[in-house]
Amino acid sequence: IKHAIIAEQFYIDYQPKVNSKGGIIGFEALIRWYHPDKGIVSPADFIPIAEETHLIIDIGKWVMNAALTQQRKWIDLGFAVKPISVNISGHQLMAEDFITFIKDSLVDHNVEGRLLEIEITEGVLINEIERCIEVLTVVKSLGVHISIDDFGTGYSSLNYLRRLPLDILKIDRAFVRECDAIDEDREICAAIINLAHSMDLSVIAEGVETKAQVETLMSLGCHNFQGFYYHKPMGRQKITELLIQP
């Protein structure tokens, strides 16, 4: 993995996030690895190893730099840019230099905090919750948006959730997949949406693949989506072409 970083074998695809009218409201930066011998290596294969070896911190820094470099290019091209979200691991969030890293990254790329979103999973919150609250509060003060990814799959306490400086809850694809067909999944989606609204948070459903899912989620009060029904992850050139369109 370390060699892959040095050899520049990693690249970023971006998946658009949209509102109910299909208008783009942001992008998620998704790391990809093209190995010269093995071809495309799935993140499911290398991210767990990177977590175990703490190389996830180096990968996280690489993704942040790549995403903000691209964001700066889109700004310079004069596009009406939207926030780019970057996934942050627990190891990276807990690192002593994380706040300094975020501050320096924004300054170095001359990007406003409002154009960056960091995504953390519920699992990150289980350990060292007080430290999470402290760090995320400082990060949010920079204008950065904060979202919880895969919401509903972890064990976050509502008390801690209330204290976290959040902006967005993302409904996990596991509940979205059959929300139009299974009552239990629909009820879980409804509960997450209602929770988000009660806390004055935005909510976005990920893994949306069908019109029926969209219609069900909209009937429950969710109006932001991410998934193949709208856009697959795509390279920076395709995103640039998308941004050019009126």
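Residue count for the range 215-234 under the criterion of being of a type outside the set (Ser, Thr, Tyr) and within 14 Å of residue 28 (Cβ to Cβ): the result is 9.
Quick grid of which residues meet (1) within 20 Å of residue 150 (Cβ to Cβ); (2) polar (S, T, N, Q); (3) within 20 Å of the chain's Cα centre (by Cα):
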{"residue": "7", "(1), (2), (3)": "no, no, no"}
{"residue": "29", "(1), (2), (3)": "yes, no, yes"}
{"residue": "45", "(1), (2), (3)": "yes, no, yes"}
{"residue": "71", "(1), (2), (3)": "no, yes, yes"}
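To keep it simple, each residue is scored yes or no on (1) aliphatic (A, V, I, L, M); (2) farther than 20 Å from residue 204 by Cβ.
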| position | (1), (2) |
| --- | --- |
| 1 | yes, yes |
| 5 | yes, yes |
| 13 | no, no |
| 19 | no, no |
| 46 | no, yes |
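Helices (runs of 4 or more DSSP H) fully within the range 65-129 that include at least 1 residues being aromatic (Phe, Trp, Tyr) and modelled with pLDDT of 95 or more: 98-109.
Pick out, from the range 164-246, the helices (runs of 4 or more DSSP H) lying fully within it that include 2 or more residues that are open to solvent by less than 40 Å² (accessible area, probe 1.4 Å) and closer than 25 Å to residue 122 by Cβ.
173-176, 183-198, 211-220
Among residues belonging to the range 30-77 that are among the hydroxyl-bearing types (Ser, Thr, Tyr) and under 21 Å from residue 233 (Cα atoms), point out the one that is most open to solvent (accessible area, probe 1.4 Å). Applying the filter and picking the extreme gives 34.
Based on this model, can you work out whether residue 15 counts as in contact with a His (Cβ under 9 Å, 6 or more places away or on another chain), within 22 Å of residue 228 (Cα to Cα) and open to solvent by less than 20 Å² (accessible area, probe 1.4 Å)? When the stated conditions are applied, residue 15 passes them. Within the range 73-95, being over 17 Å from the mean Cα position of the chain (by Cα) and more than 15 Å from residue 121 (Cβ to Cβ) holds for 73, 74, 75, 76, 77, 78, 79, 80, 95.
Of the residues making up the range 130-163, just one is in a loop (DSSP other than H, G, I, E, B), within 19 Å of residue 95 (Cβ to Cβ) and either of a type in the set (Asp, Glu) or more than 13 Å from the chain's Cα centre (by Cα) (or both), namely 142. Before we move on, is residue 144 touching a helix residue (DSSP H, G or I) at 6+ places or on another chain (Cβ under 9 Å) and either open to solvent by less than 30 Å² (accessible area, probe 1.4 Å) or more than 18 Å from residue 29 (Cβ to Cβ) (or both)? Judged against the criteria, residue 144 is a match.
The values are calculated or read from the model by the stated rules, or taken from the named source; none is laboratory data. Because the structure is a prediction, the values reported are computed rather than measured. As a convention, Cβ positions derive from the backbone with ideal geometry for all residues, glycine included, and neighbour counts pool all protein chains shown. We work out accessible area using only protein heavy atoms, side chains counted, and drop any ligands, DNA or RNA first. Shrake-Rupley method; radii C 1.70, N 1.55, O 1.52, S 1.80 Å.
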